[in-house]
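Report on the structure given below.
The values are calculated or read from the model by the stated rules, or taken from the named source; none is laboratory data. As the structure is a prediction and not an experimental result, all values here were calculated from the model. Positions of Cβ are backbone-derived with ideal geometry, glycine not excepted, and every protein chain shown enters the neighbour counts. The accessibility values were calculated without ligands, DNA or RNA, using every heavy atom of the protein model including side chains. Shrake-Rupley method; radii C 1.70, N 1.55, O 1.52, S 1.80 Å.
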Amino acid sequence: GFDVELCVAIVEGKTSFGRSYTGFCSTYLSSIIPRGNDGNGPFVGPDIVRLWIHPGSFSKLPLDISKDETISHRCFNTPVMCIGAGTGIAPLRSLLMEREARRLAKVGNASFANTNGHNDSCISNNQQDEKDNILVFGSRKKSMDFYYESNWDELINNQSLRLVPAFSQDQKHKLYVQRALREADGGSGALIVHHILERNGAVYIAGGSKM
């Protein structure tokens with residue numbers, strides 16, 4: 001079998017008339033008792049969530065490994081930029097982790113090849129090298145809403161991710177992903193312009209419709 005992970009924000013607030021409301025689906029998911037298996041029998045627990053998986057718009061993720069040996073720090077032919085806010089980070093995480101799995105597979109093969117005189121490690125120790133993956137992530141506070149922080153730290157340590165954070169409430173002025181992206185690398189949208197026009201990169205966006 002396999003596991004399915006969900007990143008769900010509980011919807012709650014008040015209307016303009018002062019009436020409290022909660023989200024139907026998020027409240028239900030937060031209240032259920034998960035079924036578990038103790039290893040000695042069938043799954044136990046009263047609640048079951050039935051779901052269906054439909055193909056989405058992220059089906060064409062670039063996974064082709066680069067054969068250009070002159071660029072040792074690039075694993076993929078196509079770099080990817082992911083832009084997400086809040087729980088919209090969840091599907092983007094799946095894309096980045098899939099690419100990381102492919103990268104690690106290449107590193108493993110390269111380690112074997114290095115014993116035969118080849119050098120194609122797909123790793124760079126230079127922090128300034130362009131990364132295969134760029135993540136522009138926004139939320140309210142780093143201390144509360146930095147979803148999957150440990151995953152990003154691992155990818156950054158592996159030199160396979162550049163993170164551009166935007167925590168809107170951690171400074172006096174509001175900072176959203178749009179502004180963080182626009183101001184990166186000297187401003188005027190230099191980062192995304194370079195990514196698309198010069199690196200022929202792909203862009204994936206997930207989050208609220210007003211983002």
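Points to keep in mind about this one:
- Condition met for Tyr204 (in a loop (DSSP other than H, G, I, E, B), modelled with pLDDT of 90 or more and surrounded by 12 or more Cβ atoms within 10 Å (Cβ to Cβ)): no
- Residues (more than 18 Å from Asn133 (Cβ to Cβ) and aliphatic (A, V, I, L, M)) located in region 198-211: Met211
- Condition met for Arg50 (over 17 Å from Asn200 (Cβ atoms), open to solvent by 100 Å² or more (accessible area, probe 1.4 Å) and at pLDDT below 85): yes
- Counting the residues of region 156-177 that are surrounded by 19 or more Cβ atoms within 10 Å (Cβ to Cβ) and under 13 Å from Lys141 (Cβ atoms) gives 2.
- Residues within region 20-34 that are open to solvent by less than 100 Å² (accessible area, probe 1.4 Å), outside any strand (DSSP E or B) and more than 10 Å from Asp47 (Cβ to Cβ), tallied: 5
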